[in-house]
1. Can you tell me the length gained on complete extension of the stretch residue 30 to residue 48, counting 0.36 nm per residue apart and subtracting the Cα distance?
2. Between residue 66 and residue 108, take the C-beta separation as r, use R0 = 30 Å, and let me know the FRET efficiency to the nearest 0.05.
3. If each residue of separation counts as 0.36 nm, what is the full-extension length gain between residue 117 and residue 74 once their alpha-carbon separation is subtracted?
4. Let me have the 222 nm mean residue ellipticity of the chain computed from DSSP H runs of 4+ only, each contributing -39500 (n - 2.57), with the sum over all residues rounded to the nearest 500.
5. Pop a pseudo-label 7 angstrom from the Cα along the beta-carbon direction at both residue 88 and residue 23 and give the gap in nm to one decimal.
6. So what's Rg/Rh here for the range 1-91, counting alpha carbon atoms and using the Kirkwood radius for Rh?
7. So what is the relative contact order of the chain, in percent, for Cα pairs below 8 Å that sit 6 or more residues apart?
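What follows is calculated from the coordinates using simple rules that are stated; it is not laboratory data. Please read all numbers here as calculations on a predicted model, not as lab measurements. Here the Cβ positions follow ideal geometry from the backbone for every residue, glycine too, while neighbour counts run over all protein chains shown.
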């Protein structure tokens, strides 16, 4: 079953790299939405079907953690798996992410196979169907 993916990063180049990596990984993606920050991402989630979110942490206006906090406030968005793609992973961010139910962290730089394996594992969980 193909999934609708939202990629959130303030760098258009990085969004293209992530999108290409997801395609190259072989992960079944139907639609791919892109946002430049968490605020734009919230608008997309409200207007489009989104099965999975890949987000940067550091972004202007609204960062990835703030976006995740907003999504978790709304019942119908709580179950959307969210992955942070970041070069700034640390224990504090991991703990904050875990408290919000973040599915995982994809460290930059990344390999398409790592993305595929993490995304497939997340989408196979029974509560994400």
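1. Full-extension gain reported as 5.2 nm.
2. Details: r = 20 Å, r/R0 = 0.66.
Step by step, r from the Cβ atoms, then E = 0.90.
3. Details: separation 43, 0.36 × 43 = 15.48 nm, distance 2.78 nm.
Gain on stretching residue 117 to residue 74: 12.7 nm.
4. Values: 5 runs with 56 residues, N = 129.
Rounded to the nearest 500, it is -13000 deg cm²/dmol.
5. Those two pseudo-labels are separated by 2.9 nm.
6. Numbers: Rg = 12.3 Å, Rh = 13.1 Å.
Computed over Cα atoms, the ratio is 0.94.
7. On the way: 204 pairs, mean separation 32.0, N = 129.
Over the chain, the number comes to 25 percent.
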